[in-house]
Amino acid sequence: MNLFARIESDLIAILTDLTKAGTLPDGLDFSRVNVEPPRDASHGDMAINAAMVLAKPAAMKPRDLAAILVDKLTALEHVVSAEIAGPGFVNLSLAASFWVALVPEILRSGLGYGSSERHKNVPINIEYVSANPTGPMHVGHARGAVFGDALARLLEKTGHQVLREYYINDAGSQVDVLAQSALLRMREALGEDIGEIPAGLYPGDYLVPVGAALAAQYGTDLLSQDEAAQIKTAKAMALPMMMEMIRGDLAALGIEHKFFLSEQSLHDDGSVEAAFDTLQQAGLVYHGVLEPPKGKEPPADWEAAPQWLFKSSQFGDDSDRALRKSDGAWTYFAPDIACHFNKFNRGYQQMIDVWGADHIGYIKRMQSAVTAITSGQGTLEVKVCNMVKLQRGGEPVKMSKRSGDFVTLREVVDEVGKDVVRFMMLTRKNDAPLDFDFDLVKQKSRENPVFYVQYAHARICSVLRNASQVGLDEKLLSDAALSRVDVSCLQDPAELGLIRNLANYPRLLASAAEAREPHRVAFYLQDLAAQFHALWNLGKEQTHLRFIQEDDISGSLARLALLRATAVTIACGLDVIGVEPEQEMR
């Protein structure tokens, strides 16, 4: 149940009746009417902007329209008072019974609490990670992986049919370097002293198994072949092994992609050529020379000779962009267009890509290309994840024996656990830098947000276990049984404040999904945990707020129902993040 949506529904009904009565003109757009918590809690329970957004098109003064709404809203059974604030906002105060009725609803909803069907069955494609298949995932990939997966989970909560996609960049020069590095490791496996890994090759020991596999299958025979043949064979061995390693790294983080698209396959099956032809037939490709950027180093796709260019500037980009070089080779932009055209042709008009901060300059051209090649039917959103800085003992952590020059995702997960990594990656907005402090995430204190939220859930589980030990029948403590408890005694401001926060969750979930910001869920959970811990502490001083009172069984059950509703909501939020709630903390 979304209590804010319920009041909004009541409000829309009132506005509709006012339109039928002729008080408001026909054709008003109610889509901008919002019901939300007031900025200042002392102003009431909910704030309504209807008079502010409808007054001008209704040819009325905002406060005059607000006065009419106040009269209508006050007549609602669950409204205690309605008051005009400022230039025309309406603040509502609602009956305690309206709030406490939410507790059993949460218990009946379980992990479905907060979910909606607002975008039921709407397909959306989310591509994330898509790291070059040249080595293990590093901690920077972890942030994009967690963000993308949490965003997918968030959108599923609003009804979307989400496809999690990984684009394998297996056609670039970096794959040739991978093959050369694997061949060097093969020589090592055959007994050759290869010395220090030459600059430009991948130095990590993760390629040792690839070299061993090449040596076992081909022996010295491969070395007698020409370089092109050696690289082709090494690629065929290394790429699947690298992707298997990447899948394993992601699985350690609880992430699984359902669809993998190979860049090389787009070249092999003619998709790149087909995308080019589609743009050309639309008159969006021409043969010409790009002007070099003024005051900057020319980009990799710039050359002085004539190239085939896409009219990217026609769609808001800074300049046109090269698709095919003068020697006939495709630029990296061409297969990327084919990739997104492939998604569109598979039925995904809405696409979201999660990129690293070093790709910001590439966003506009890619969005221009998607608009162009889909004739405006497809949309591409790009969410950027900023860098992650690892710290230990106040010092930066940068190196790894396994990778050679970066800390791997698997190393971090192995040290602190999947759930800690996932939660911490969402403690900042995706485009803000993030510090990951190994010392902090191991602390059992309020300063550690993962611990603080998990501790709230575990504490509630502990209270429920204790309840069964002081004489309350376990049958009375199931969610089904607690959902039938009379909760009308929950009248204390601290209890009602907690319920109001629980009521915010469905609204928070919907707004986070619309904004594509799963970090809001992590922020909400920290706030909810703090409010629960505060209620726990109040019970030490105010006996009527203690959760279990042997001389008040009905009141105890009501408070336990509230606690369990809080635990359910925490579990719902953790589910969006991909974190398992703790039953007890040790």
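The values are calculated or read from the model by the stated rules, or taken from the named source; none is laboratory data. Being a predicted model, the structure only gives us computed values, none of them experimental. Cβ atoms come from the backbone with ideal geometry, glycine included; neighbour counts cover every protein chain shown.
Only one entry in VAL146, VAL175, VAL129, VAL208 is surrounded by 19 or more Cβ atoms within 10 Å (Cβ to Cβ) and either modelled with pLDDT under 95 or more than 26 Å from the chain's Cα centre (by Cα) (or both), namely VAL175. Annotation: of all residues in the range 247-293 being surrounded by fewer than 17 Cβ atoms within 10 Å (Cβ to Cβ) and acidic (Asp, Glu), the one that is nearest to LYS235 (Cα to Cα) is ASP268. Within the range 314-328, the set of residues being surrounded by fewer than 20 Cβ atoms within 10 Å (Cβ to Cβ) and either out of contact with any helix residue (DSSP H, G or I) (no Cβ under 8 Å at 6 or more places or on another chain) or without any contact (Cβ under 8 Å) to a residue 40 or more places away in the chain (or both) comprises SER319, LYS325, SER326, ASP327, GLY328. Checked against (1) closer than 30 Å to ALA322 by Cβ; (2) within 25 Å of the chain's Cα centre (by Cα), THR408 meets all criteria but (1). Could you please let me know if GLN350 is closer than 21 Å to VAL162 by Cβ, in contact with a strand residue (DSSP E or B) (Cβ under 7 Å, 6 or more places away or on another chain) and among the polar types (S, T, N, Q)? So GLN350 fits the description; yes.
Looking at the range 189-204, can you tell me whether even one residue there is modelled with pLDDT of 95 or more and part of a helix (DSSP H, G or I)? Yes - at least one qualifying residue is present in the range 189-204. Applying the criterion of at least 1 residues that are among the hydroxyl-bearing types (Ser, Thr, Tyr) and modelled with pLDDT of 95 or more to the helices (runs of 4 or more DSSP H) found wholly in the range 475-583 leaves 493-515, 519-541, 553-577. Can you tell me which residue in the range 18-48 is nearest to LEU3 (Cα to Cα), limited to those that are touching a strand residue (DSSP E or B) at 6+ places or on another chain (Cβ under 6 Å) and in a loop (DSSP other than H, G, I, E, B)? Among residues in the range 18-48 that are touching a strand residue (DSSP E or B) at 6+ places or on another chain (Cβ under 6 Å) and in a loop (DSSP other than H, G, I, E, B), the one nearest to LEU3 (Cα to Cα) is ASP45.
Let's see how each residue does on (1) free of Cβ contacts under 8 Å to residues at least 60 places away in the same chain; (2) under 30 Å from GLU297 (Cα atoms); (3) assigned to a loop (DSSP other than H, G, I, E, B); (4) polar (S, T, N, Q):
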{"position": "CYS339", "(1), (2), (3), (4)": "no, yes, no, no"}
{"position": "PHE344", "(1), (2), (3), (4)": "yes, no, no, no"}
{"position": "GLY347", "(1), (2), (3), (4)": "no, no, yes, no"}
{"position": "ASP358", "(1), (2), (3), (4)": "yes, yes, no, no"}
{"position": "LYS364", "(1), (2), (3), (4)": "yes, yes, no, no"}
{"position": "LYS389", "(1), (2), (3), (4)": "yes, yes, no, no"}
{"position": "LYS398", "(1), (2), (3), (4)": "yes, yes, yes, no"}
{"position": "ARG410", "(1), (2), (3), (4)": "no, no, no, no"}
{"position": "VAL413", "(1), (2), (3), (4)": "no, no, no, no"}
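Right, LEU92: buried (at least 19 other Cβ atoms within 10 Å of the Cβ) and either assigned to a helix (DSSP H, G or I) or at negative phi (or both) or not? Yes; evaluated as a whole, the condition is true for this residue. Contact annotation: residue pairs with Cβ atoms under 6 Å, 6 or more positions apart or on different chains, pairing a residue in the range 248-265 that is assigned to a loop (DSSP other than H, G, I, E, B) with a partner that is at pLDDT 95 or above and among the basic types (Lys, Arg), are LEU253/LYS418; GLY254/LYS418; HIS257/ARG164; LYS258/ARG164. Please specify each residue of the range 340-394 satisfying the condition of being modelled with pLDDT of 95 or more, closer than 22 Å to VAL421 by Cβ and touching a Phe, Trp or Tyr at 6+ places or on another chain (Cβ under 6 Å). Hits for the range 340-394 are VAL354, VAL384, CYS385. Filtered by the rule that a residue be among the β-branched types (Val, Ile, Thr) and either touching a Pro at 6+ places or on another chain (Cβ under 7 Å) or part of a strand (DSSP E or B) (or both), the range 97-146 gives ILE124, ILE126. The requirement of being out of contact with any Ser or Thr (no Cβ under 7 Å at 6 or more places or on another chain), part of a helix (DSSP H, G or I) and within 17 Å of SER130 (Cβ to Cβ) is fulfilled somewhere in the range 218-239, by at least one residue.
For the range 138-148, check the following and say yes or no: at least one residue is over 26 Å from ALA41 (Cα atoms) and either free of Cβ contacts under 8 Å to residues at least 24 places away in the same chain or polar (S, T, N, Q) (or both).
Just the residues of the range 138-148 that are over 26 Å from ALA41 (Cα atoms), to begin with: 138-148.
If we keep only those that are either free of Cβ contacts under 8 Å to residues at least 24 places away in the same chain or polar (S, T, N, Q) (or both) too, we end up with none.
Scanning the range 138-148, I find no residue that is over 26 Å from ALA41 (Cα atoms) and either free of Cβ contacts under 8 Å to residues at least 24 places away in the same chain or polar (S, T, N, Q) (or both), so the answer is no.
Out of VAL413, VAL421, VAL397, one residue alone is outside the structural domain of PHE147 (by TED's automatic domain parsing), more than 24 Å from the chain's Cα centre (by Cα) and of a type in the set (A, V, I, L, M, F, W, C). It is VAL397.
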